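Each remark here refers to the structure printed beneath this line.
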Amino acid sequence: EKTIVTEGRSVSEVEIDEVLTGYRAKQPGFVEVSFPTIAGVGPNGAIIHYRAQEGTDLLRSLDKSNPILIDSGGQYTYGTTDVTRTWHFGEPTDEFVDNYTRVLKGNIGVDSMVFPQNTPGFVLDVFARKALWEAGRDYGHGTGHGVGAALNVHEGPHSISPRWANKEVMKKGMVVSNEPGYYEDGNFGIRIENLLEVAYVDPADDVGEDEEP
């Protein structure tokens, strides 16, 4: 932010990837990135699995005129991370602000959802899309995937998505991503992602694994 806003210098997507990985590597227990970083400026943010590379026609630099979507994570000796944020360091359009707000509402909707035992993940997907649906918008990927502990960053058996064929129920201790988004080809991409752990609402119900709550 200091480089772009205060110094007025643009930064390439590749440089952003390298700097971010450098900071992450200084964290205790870091082993490696959990997947290639997605750092997409402007229209590149609308490419779901974009990878910035030097010498390509797609490579862009970040300044105050365009947003950037960064999806990154690390493998640590104690677990795996996967997080996405979308920033705009200038003056975003009203359209961008509206879409960002709807995506944020979806993220909060899943994050704050209280549901009964034996609820499959696909039931929760609607809470991520509700605000977008109200404006006739949607996104073309699942809302959440399982995450391993220092294993695969995409790991089953559970998920949160409209694919209702996966009827695996959400269980205490499962870790799942929460990543609604919105994408306009040739313009911008928005995604907000956190990792959530399924837990009981009442800590008193948090009994042993072999016991019925």
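Table for the structure above
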read-out: Criterion (in a loop (DSSP other than H, G, I, E, B), in contact with a strand residue (DSSP E or B) (Cβ under 9 Å, 6 or more places away or on another chain) and surrounded by fewer than 19 Cβ atoms within 10 Å (Cβ to Cβ)) met by exactly one of L196, L151; value: L151
read-out: Criterion violated by F188 - all others in (1) under 30 Å from D98 (Cα atoms); (2) in contact with an Asp or Glu (Cβ under 8 Å, 6 or more places away or on another chain); (3) among the hydrophobic types (A, V, I, L, M, F, W, C) satisfied; value: (2)
read-out: Matching residues in the range 53-69 - criterion: being open to solvent by less than 10 Å² (accessible area, probe 1.4 Å) and without any contact (Cβ under 8 Å) to a residue 60 or more places away in the chain; value: L62, I68
read-out: Selected residue [in contact (Cβ under 8 Å) with a residue 40 or more places away in the chain, in a helix (DSSP H, G or I) and over 21 Å from H141 (Cβ atoms)] from V19, V5; value: V5
read-out: Test result for A39, surrounded by fewer than 16 Cβ atoms within 10 Å (Cβ to Cβ) and at pLDDT 95 or above; value: no
read-out: The one condition in (1) open to solvent by 70 Å² or more (accessible area, probe 1.4 Å); (2) modelled with pLDDT under 95 that K105 fails to fulfil; value: (2)
read-out: Test for N107: is it under 30 Å from L58 (Cα atoms), of a type in the set (S, T, N, Q) and touching a residue at least 40 places away in the same chain (Cβ under 8 Å); value: yes
read-out: Test result for S72, within 22 Å of the chain's Cα centre (by Cα) and either surrounded by fewer than 20 Cβ atoms within 10 Å (Cβ to Cβ) or over 23 Å from D94 (Cα atoms) (or both); value: yes
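The values are calculated or read from the model by the stated rules, or taken from the named source; none is laboratory data. All values derive from a computational prediction rather than experimental measurement. For neighbour counting, all protein chains shown are included, and Cβ atoms are generated from backbone atoms with ideal geometry for every residue, glycine included. Just so you know, the surface numbers come from the protein's heavy atoms only, side chains and all, with ligands and any DNA or RNA stripped out. Shrake-Rupley method; radii C 1.70, N 1.55, O 1.52, S 1.80 Å.
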